[in-house]
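K.L.:
Supplied in structure tokens, the structure appears directly below.
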Amino acid sequence: MSDRRALLGSKFGEKEPELSVWSALWTALHRIRRDPGLVVPFFFAGVVVTIVDYLRRRDPVPVNVVDRMGGGGIDISYLVYPTGSRATTTPLGALVDLKVAPLFTTLGLELTAFLAVGVAGWLTLSRVLGGRARSAQLFSYLGLLALLHVAFRLLGLVGTVSGPIGLLLFVGTLAVFVRVFLVPVLVVAGEDISTAFGRSARLTRGHRWTVFGLVLVVGLATFALGSVSPVGPVLSATLVAPVHAVALVVVAEQTDGTD
């Protein structure tokens, strides 16, 4: 077995139950209970994101305030990589024709939130992998997050479309999420980004209903906790993102032999 695959081997010397939504979540929660330090990076990331949202609301640059409950519907808040919720988003049009000072302030705040979530995800995944992931993988992981973030903004995957077309887009988006579910942990374990996408699709084959269930649980939990104003970012980052991260490793461990 290669060193890269060894990173995905069980770190607890115990026989894992057959892979299912609840076994993956239970194993993830069990590992977090045994190692509470797994929660710490995302707690601080949630605090940073909350501060950034607070400052952005008071910034003269226009900002969209996310109102998860105002529409009376339910959102699947899922972005492939472990993260919490945001209370604000910055429309791309708001950056046009800005003067230098407000432009750098806005970009600086958004970059701070991005790095807080990215570093927290890398630290958590690396810790679950036994601390053997190289620090160089941090830059690959941040590159992955930047790629996904840009893709979501350009393709509008986080938007809402009603009617039959909206339903088709919703189903199609979930299908993509299922196939790329393991990409974050594979990148931290040493895969390059392009290889990780293909390998994630292969590893999840035969387990896609389980992964689909995990996507729904993580997305709904992020939505529910993110709706708690004004501490939604802290709650979702602290209580959901670590479970998401550890569940990635659990699924990778139990599907690695099927590749």
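The values are calculated or read from the model by the stated rules, or taken from the named source; none is laboratory data. Since the structure is predicted, the reported quantities are computational estimates derived from the model, not experimental observations. Note: ideal-geometry Cβ built from the backbone for every residue, glycine included; neighbour counts use all protein chains shown. Note: areas computed on protein heavy atoms with side chains; ligands, DNA, RNA excluded. Shrake-Rupley method; radii C 1.70, N 1.55, O 1.52, S 1.80 Å.
K.L.:
Tally up the residues in the range 95-114 that are farther than 22 Å from Gly226 by Cβ and either part of a loop (DSSP other than H, G, I, E, B) or not polar (S, T, N, Q) (or both), please.
P.N.:
Residues that pass the stated criteria total 12.
K.L.:
Would you be able to tell me the number of residues in the range 235-259 that are open to solvent by 30 Å² or more (accessible area, probe 1.4 Å) and either touching a Cys at 6+ places or on another chain (Cβ under 9 Å) or of a type in the set (Val, Ile, Thr) (or both)?
P.N.:
Counting residues in the range 235-259 that are open to solvent by 30 Å² or more (accessible area, probe 1.4 Å) and either touching a Cys at 6+ places or on another chain (Cβ under 9 Å) or of a type in the set (Val, Ile, Thr) (or both) gives 1.
K.L.:
Any idea which residue in the range 156-171 is modelled with the highest pLDDT, counting only those that are within 18 Å of Leu216 (Cα to Cα) and either among the aliphatic types (A, V, I, L, M) or open to solvent by 100 Å² or more (accessible area, probe 1.4 Å) (or both)?
P.N.:
Start the filter on the range 156-171 by keeping residues that are within 18 Å of Leu216 (Cα to Cα), which leaves 157-160, 166-171.
Checking the rest, the ones that are also either among the aliphatic types (A, V, I, L, M) or open to solvent by 100 Å² or more (accessible area, probe 1.4 Å) (or both) come to 157-158, 160, 167-169, 171.
Numbers: Leu157: 45, Val158: 44, Thr160: 49, Leu167: 69, Leu168: 76, Leu169: 73, Val171: 79.
If we take residues in the range 156-171 being within 18 Å of Leu216 (Cα to Cα) and either among the aliphatic types (A, V, I, L, M) or open to solvent by 100 Å² or more (accessible area, probe 1.4 Å) (or both), then Val171 is modelled with the highest pLDDT.
K.L.:
Taking the range 115-149 as the search range and keeping residues that are assigned to a helix (DSSP H, G or I) and free of Cβ contacts under 8 Å to residues at least 24 places away in the same chain, which one is farthest from Pro82 (Cα to Cα)?
P.N.:
If we take residues in the range 115-149 being assigned to a helix (DSSP H, G or I) and free of Cβ contacts under 8 Å to residues at least 24 places away in the same chain, then Phe139 is farthest from Pro82 (Cα to Cα).
K.L.:
Of all residues in the range 172-209, how many are open to solvent by 30 Å² or more (accessible area, probe 1.4 Å), on the phi < 0 side of the Ramachandran plot and assigned to a loop (DSSP other than H, G, I, E, B)?
P.N.:
Selection size over the range 172-209: 3.
K.L.:
Taking the range 49-82 only, how many residues are modelled with pLDDT of 75 or more, in a loop (DSSP other than H, G, I, E, B), of a type outside the set (Lys, Arg) and out of contact with any helix residue (DSSP H, G or I) (no Cβ under 7 Å at 6 or more places or on another chain)?
P.N.:
At the first step, the residues of the range 49-82 found to be modelled with pLDDT of 75 or more are 49-66, 77-82.
With the extra rule that they be in a loop (DSSP other than H, G, I, E, B), the set shrinks to 58-63, 66, 77-82.
So of that shortlist, the ones also of a type outside the set (Lys, Arg) come out as 59-63, 66, 77-82.
Then drop every residue that is not out of contact with any helix residue (DSSP H, G or I) (no Cβ under 7 Å at 6 or more places or on another chain), which leaves 66.
Qualifying residue count, the range 49-82: 1.
K.L.:
Mind checking which residues of the range 11-25 are at pLDDT 55 or above and under 14 Å from Val249 (Cβ atoms)?
P.N.:
Filtering the range 11-25 for residues at pLDDT 55 or above gives 16-25.
Those that are at pLDDT 55 or above and under 14 Å from Val249 (Cβ atoms): Glu16, Leu19, Ser23, Ala24, Leu25.
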